[in-house]
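Data block below; observations after.
The values are calculated or read from the model by the stated rules, or taken from the named source; none is laboratory data. Predicted model only: the values in this text are computed from it and were never measured. Cβ: placed from backbone, ideal geometry, glycine included. Neighbour counts: every protein chain shown. Please note that ligands, DNA and RNA were not included when accessible areas were found on the heavy atoms of the full protein model with its side chains. Shrake-Rupley method; radii C 1.70, N 1.55, O 1.52, S 1.80 Å.
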Amino acid sequence: MTVLERLAASEAPRGVSELARSLGLTKSNVHRTLQTLVMAGYVRATAAGTYECTLKLFELASSVLARVDVRHVAEPFMRSLADQTHETIHLSLLDKAEVIYLHKIDGAHPVRAYSSIGGRAPAYCVASGKVLLAYQEQALVHLSDPLPAHTSRTITSLDTLRQELEQVRVQGFAINRGEWREGVCGLAAIVHDAMGKPAASIGISGPADRLDPAALRRFSDVVVDAARGLSRALGYNPIAQSPRPIHTGASG
């Protein structure tokens with residue numbers, strides 16, 4: 001990392017000897033490190049025998065910045081959702097088989113859903129995770145079959161989960177029926193970025209006695225509306241992302 005940071009801070013490509021002197025390392029150590037960075041795609045060798053950083057660092061930084069931007073832009077939408085539902089609001093991201101809570105606003109009720117910013121949960125057990133899996137099905141490779149049960153309501157069959165994810169895409173939101181924590185339910189919808197890719201999920205959670213099936217149906221529209229509003233604020237244009245009809249030139 002020291003070699004990479006020094007190279008990234010340089011205005012021009014640097015040679016092995018120059019890097020070794022400036023870092024107080026041996027040339028062999030620097031050379032081996034550079035070869036590792038080249039193989040990983042972070043550094044490339046120039047025709048002059050020096051080394052420079054590739055755009056992979058920019059790609060990493062862009063991913064981090066996108067997450068920070070989502071949190072900042074999401075704040076008013078989360079506040080509005082909290083005012084409308086009085087439940088705990090989560091902004092979440094998918095990390096392999098888990099969902100990470102990027103931001104949280106506690107509900108107004110004295111009994112709230114337990115979670116913390118930076119906390120994790122199995123994606124297949126919570127609404128925020130299921131809606132992300134529905135739009136990033138490649139992440140299913142990180143799940144086992146059967147799936148570990150956390151409550152009596154946990155989906156343990158991968159085939160059953162796939163069927164539910166298909167339903168999530170059709171209805172536009174996901175539901176947690178106490179599948180991660182006994183007596184805690186939730187509902188979440190997907191947030192898209194300007195490229196039309198899944199950027200995050202936004203949703204509500206709370207005790208099952210408040211978020212019963214009738215309440216979940218009642219809140220589904222406001223959660224989906226919040227997700228759509230946040231998506232638009234991030235630059236998402238659903239019309240631009242829709243497939244265009246193919247014109248064959250044939251009449252009729």
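Which of (1) assigned to a loop (DSSP other than H, G, I, E, B); (2) under 24 Å from Arg218 (Cα atoms); (3) open to solvent by less than 20 Å² (accessible area, probe 1.4 Å) does Thr151 not meet, given it meets every other one?
Against the list (1) assigned to a loop (DSSP other than H, G, I, E, B); (2) under 24 Å from Arg218 (Cα atoms); (3) open to solvent by less than 20 Å² (accessible area, probe 1.4 Å), Thr151 comes up short only on (2).
Provide a single number: the residues in segment 175-188 that are more than 15 Å from Thr85 (Cα to Cα), in a strand (DSSP E or B) and either out of contact with any strand residue (DSSP E or B) (no Cβ under 7 Å at 6 or more places or on another chain) or open to solvent by less than 20 Å² (accessible area, probe 1.4 Å) (or both).
1
Among the residues that make up segment 96-103, is at least one of them out of contact with any strand residue (DSSP E or B) (no Cβ under 8 Å at 6 or more places or on another chain) and open to solvent by 40 Å² or more (accessible area, probe 1.4 Å)?
yes
Filter segment 210-240 down to residues that are more than 22 Å from Glu87 (Cβ to Cβ) and open to solvent by 80 Å² or more (accessible area, probe 1.4 Å) and give me whichever is modelled with the lowest pLDDT.
Ile239
Considering only segment 146-182, state which residues are at positive phi and in contact with a Pro (Cβ under 6 Å, 6 or more places away or on another chain).
The answer is none; no residue qualifies.
Across segment 65-88, what is the total count of residues that are more than 19 Å from His192 (Cβ to Cβ), open to solvent by 40 Å² or more (accessible area, probe 1.4 Å) and not in a loop (DSSP other than H, G, I, E, B)?
Of the residues in segment 65-88, 3 are more than 19 Å from His192 (Cβ to Cβ), open to solvent by 40 Å² or more (accessible area, probe 1.4 Å) and not in a loop (DSSP other than H, G, I, E, B).
Ile117: in a loop (DSSP other than H, G, I, E, B), out of contact with any helix residue (DSSP H, G or I) (no Cβ under 8 Å at 6 or more places or on another chain), under 30 Å from Glu182 (Cβ atoms) and among the β-branched types (Val, Ile, Thr), yes or no?
Yes: the conditions hold for Ile117.
Here is a yes/no grid of residues against (1) at pLDDT 95 or above; (2) under 19 Å from Gly178 (Cα atoms):
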| site | (1), (2) |
| --- | --- |
| Val111 | no, yes |
| Val126 | yes, yes |
| Gly129 | yes, yes |
| Leu132 | yes, yes |
| Val141 | no, no |
| Ser144 | no, no |
| Thr154 | yes, yes |
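Filter segment 94-106 down to the residues that are in a strand (DSSP E or B), charged (D, E, K, R) and within 17 Å of Cys125 (Cα to Cα) and list them by number.
Asp95, Glu98 - these are the residues of segment 94-106 that are in a strand (DSSP E or B), charged (D, E, K, R) and within 17 Å of Cys125 (Cα to Cα).
Working only within segment 124-146, note down all residues that are open to solvent by 20 Å² or more (accessible area, probe 1.4 Å), in contact with a strand residue (DSSP E or B) (Cβ under 7 Å, 6 or more places away or on another chain) and hydroxyl-bearing (Ser, Thr, Tyr).
Matches in segment 124-146: Tyr135 only.
Six or more apart or on different chains, Cβ atoms under 6 Å: show the pairs whose first residue is in segment 43-56 and under 19 Å from Lys27 (Cα atoms) and whose second is charged (D, E, K, R) and part of a strand (DSSP E or B).
Every condition considered, the pairs that remain are Thr50/Arg14.
For the list (1) assigned to a helix (DSSP H, G or I); (2) under 19 Å from Tyr236 (Cα atoms); (3) within 12 Å of the chain's Cα centre (by Cα); (4) at pLDDT 95 or above, I need the number of the one condition that Leu91 fails.
Result: Leu91 fails condition (1) only.
Scan segment 5-64 for residues that are under 30 Å from Met195 (Cβ atoms), in a strand (DSSP E or B) and open to solvent by less than 70 Å² (accessible area, probe 1.4 Å) and jot them down.
Those that are under 30 Å from Met195 (Cβ atoms), in a strand (DSSP E or B) and open to solvent by less than 70 Å² (accessible area, probe 1.4 Å): Val43, Glu52, Cys53.
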